[in-house]
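The values are calculated or read from the model by the stated rules, or taken from the named source; none is laboratory data. Note that this is a predicted model, so its numbers are computed, not measured. FYI the Cβ positions are ideal-geometry reconstructions off the backbone, even for glycines, and counts take in every protein chain you see.
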Amino acid sequence: MALTDAQFRSLSAHIAELVGIHIGAEKRWLLAARVTARLAAVGETNERRYVDHVLDPAGAEELGHLVEALRVGETQFYRHASQLRAIRRVALPEIIARRERDGTRTIRVWSAGCATGEEPYTLAMMLDAALRSTSRLSFEILATDLSGPALDVARRGRYRAGATRAVPREVMKTAFVVHGDEVEVRPALRQRIRFEEKNLLDARYPRGFDLVLCRNVLIYFGRATQREVLARLSASVVPGGYLALGYTERLDAGDGELLPLRTDDGVLYRRADGATRVVVPKSEPKAELMRASGATLLRRDDTLPRRTSRPPSHPQRPDERIAREPGDRHAKDRSAEAKTATRSAGQHTAPPHLEGELTGDSGALAARAAVAPLLAGVIEPPVLSVAGLLYADREVSRILARAAAAIAAHGTPLSITGASEGVRRFLVRSHVVPPAVLTESSKS
Ligand SMILES: C[S@@+](CC[C@H](N)C(=O)[O-])C[C@H]1O[C@@H](n2cnc3c(N)ncnc32)[C@H](O)[C@@H]1O
């Protein structure tokens, strides 16, 4: 359905006020698509009646379903591997040393916006490994989310086996019990986590955490709300404690009392304790190798292949230069995916294409896989089809913008075909076009 201007305005304002999710004009289509899906789900044929119902206090339950449908709750075990490395190498040793010094036996962690639980379980696995050599300390994790259904999944702790593909092998053995094609987080880890429903728009936050993760949640909020949430999150961190945000999220000066701590694996925010001088350890040897290869301009997870002047007999593989840790199966998966994309693009004349809703890690993977053969010079002239692309997040836009710039720098600009009007605007706004060019008349 196409929402009328008035319906869009009142629905988006209502949702922003109640749950803080801001639906800008560029996501009007998304709201309309979700309303259409809900109409079908509840068997309602009259759109106006449905919209009036969810705007009415009596329609609170249905509004909850609509918000649930809008919520992009994507998450993964060991998501944002490089940031987790920063936590493991920089934050945890300092937190552990402080707790050993001051005699507090419990390390407290909050995963705010934990979705279906993969993030707090990942933290539990990391803390379990980090504390294995000290019997004096233990940890507890508070994991909160707005979504009751997501928390139900989290509490159950059971996932498709495929969801664990980024989990290091040695952790797999100790953290999960396998049940056919499902895995279950072991009870010993599950009982370290308390799951609670919490709206981050509420003014009262729990306090006293050594580490707070609030990743990929602020993206839902407008800037003013982000600032309020960041100030409250900062106040939840103890002196010497840390806050980690999503890759596209940041804490500006004035958003809270934490200071950015730049590590080779990304930025963490730390509350000064007036005593400790934090020493950021040097990069691990493999990261040094990556720097020597000139890849530091890109974040490790974003490393893109170089385009060669002509189709090479052995196209350079994009992920070969990515520093890997033992057991980083995710990196291998990325490499395999890019190789597959490169091979298949070389064998077929159809250009690589992007379609559907591309968000989060899976969206970024799809975008990298699509641009890999173009950057490797296997497709000449370079063409990317976006027919069927419905939505892409900022991470995807960055990958596309970098690829478009690299391809244009080489001579022939990337041609993008099949862009709808909305996608055309997105590509221009994200600086993908130009340098890339649109080669089909835009369709609405
Ligand atoms: C993309 S998931 C992020 C999950 C996890 N932090 C990660 O990075 O993998 C975003 C989560 O934020 C939650 N969320 C959105 N608005 C929220 C709010 N106002 N209060 C609490 N959680 C919220 C959503 O329900 C969703 O589960």
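Output the number of residues of the range 105-153 satisfying the condition of being under 16 Å from I95 (Cα atoms), in contact with a strand residue (DSSP E or B) (Cβ under 6 Å, 6 or more places away or on another chain) and of a type in the set (S, T, N, Q).
2
Check R28, R38, R98, R88 and return the single one that is under 27 Å from the mean Cα position of the chain (by Cα) and within 25 Å of S234 (Cα to Cα).
Matching residue, one of R28, R38, R98, R88: R88.
Looking at R38, R48, R28, R34 in this structure, which one is surrounded by fewer than 17 Cβ atoms within 10 Å (Cβ to Cβ) and outside any loop (DSSP other than H, G, I, E, B)?
After applying the criteria, what remains is R48.
Please indicate, with yes or no, whether at least one residue in the range 369-385 is within 16 Å of the ligand (Cβ to nearest atom), at pLDDT below 70 and not assigned by TED's automatic domain parsing to the domain that holds R169.
no
Name the pairs whose Cβ atoms lie under 6 Å apart, with the first residue in the range 77-95 and within 12 Å of M125 (Cβ to Cβ), the second assigned to a loop (DSSP other than H, G, I, E, B), and 6 or more positions between them or separate chains?
F77/A166; F77/V167; Y78/A166; Y78/V167
For Y78, are the conditions met, namely being under 22 Å from N199 (Cα atoms) and either within 10 Å of the ligand (Cβ to nearest atom) or of a type in the set (S, T, Y) (or both)?
Criteria not met by Y78.
Can you name every residue in the range 203-256 that is among the acidic types (D, E) and modelled with pLDDT of 95 or more?
D210
Can you find, within the range 70-128, the residue that is surrounded by the fewest Cβ atoms within 10 Å (Cβ to Cβ) among those that are assigned to a strand (DSSP E or B) and in contact with a Pro (Cβ under 7 Å, 6 or more places away or on another chain)?
Result: W110.
Between a first residue in the range 155-178 that is more than 22 Å from Q191 (Cβ to Cβ) and a second residue that is among the β-branched types (V, I, T) and not in a helix (DSSP H, G or I), which pairs have beta carbons less than 8 Å apart while being 6 or more apart in sequence or on different chains?
R160/V183; A161/V178; A161/V183
May I ask you to list pairs of residues, at least six apart or on different chains, whose Cβ atoms are under 6 Å apart, with the first in the range 14-34 being over 23 Å from A58 (Cβ atoms) and the second being within 16 Å of the ligand (Cβ to nearest atom) and modelled with pLDDT of 80 or more?
H22/A16
Across the range 248-265, what is the number of residues that are buried (at least 21 other Cβ atoms within 10 Å of the Cβ) and either touching a Lys or Arg at 6+ places or on another chain (Cβ under 9 Å) or among the charged types (D, E, K, R) (or both)?
Of the residues in the range 248-265, 4 are buried (at least 21 other Cβ atoms within 10 Å of the Cβ) and either touching a Lys or Arg at 6+ places or on another chain (Cβ under 9 Å) or among the charged types (D, E, K, R) (or both).
Among the candidates A231, A272, A175, A235, single out the residue that is surrounded by 13 or more Cβ atoms within 10 Å (Cβ to Cβ) and in contact with a strand residue (DSSP E or B) (Cβ under 7 Å, 6 or more places away or on another chain).
Exactly one residue qualifies, and that residue is A175.
Give me the pairs: first residue in the range 129-141 and outside any loop (DSSP other than H, G, I, E, B), second residue surrounded by 14 or more Cβ atoms within 10 Å (Cβ to Cβ) and of a type in the set (G, A, S), beta-carbon distance under 9 Å, and six or more apart or on different chains, which are they?
Within 9 Å, the pairs are F139/A124; F139/A130; I141/S111; I141/A124.
Do the conditions hold for R9, that is, is it touching a helix residue (DSSP H, G or I) at 6+ places or on another chain (Cβ under 8 Å), part of a helix (DSSP H, G or I) and more than 30 Å from L268 (Cα to Cα)?
When the stated conditions are applied, R9 does not pass them.
Yes or no: R155 part of a helix (DSSP H, G or I), more than 13 Å from the ligand (Cβ to nearest atom) and surrounded by fewer than 17 Cβ atoms within 10 Å (Cβ to Cβ)?
yes
Would you mind finding the one in E182, E118, E170 that is farther than 24 Å from A69 by Cα and in contact with a Phe, Trp or Tyr (Cβ under 8 Å, 6 or more places away or on another chain)?
From the options E182, E118, E170, the qualifying one is E182.
Just to be sure, is L200 surrounded by 18 or more Cβ atoms within 10 Å (Cβ to Cβ) and at pLDDT below 90?
No.
Check whether at least one residue in the range 192-201 is more than 16 Å from the ligand (Cβ to nearest atom) and over 19 Å from the mean Cα position of the chain (by Cα), and report yes or no.
Yes, there is a match, as at least one residue in the range 192-201 is more than 16 Å from the ligand (Cβ to nearest atom) and over 19 Å from the mean Cα position of the chain (by Cα).
In the range 250-272, which residues are under 19 Å from the mean Cα position of the chain (by Cα) and over 16 Å from L84 (Cβ atoms)?
If the condition is that a residue be under 19 Å from the mean Cα position of the chain (by Cα) and over 16 Å from L84 (Cβ atoms), then R250, L251 are the ones that fit.
Kindly list the number of the only condition in (1) within 28 Å of G157 (Cβ to Cβ); (2) within 13 Å of the ligand (Cβ to nearest atom) that fails for R207.
(2)
Please go through the range 81-120 and give me each residue that is among the acidic types (D, E) and within 11 Å of the ligand (Cβ to nearest atom), ordered by number.
Result: E118, E119.
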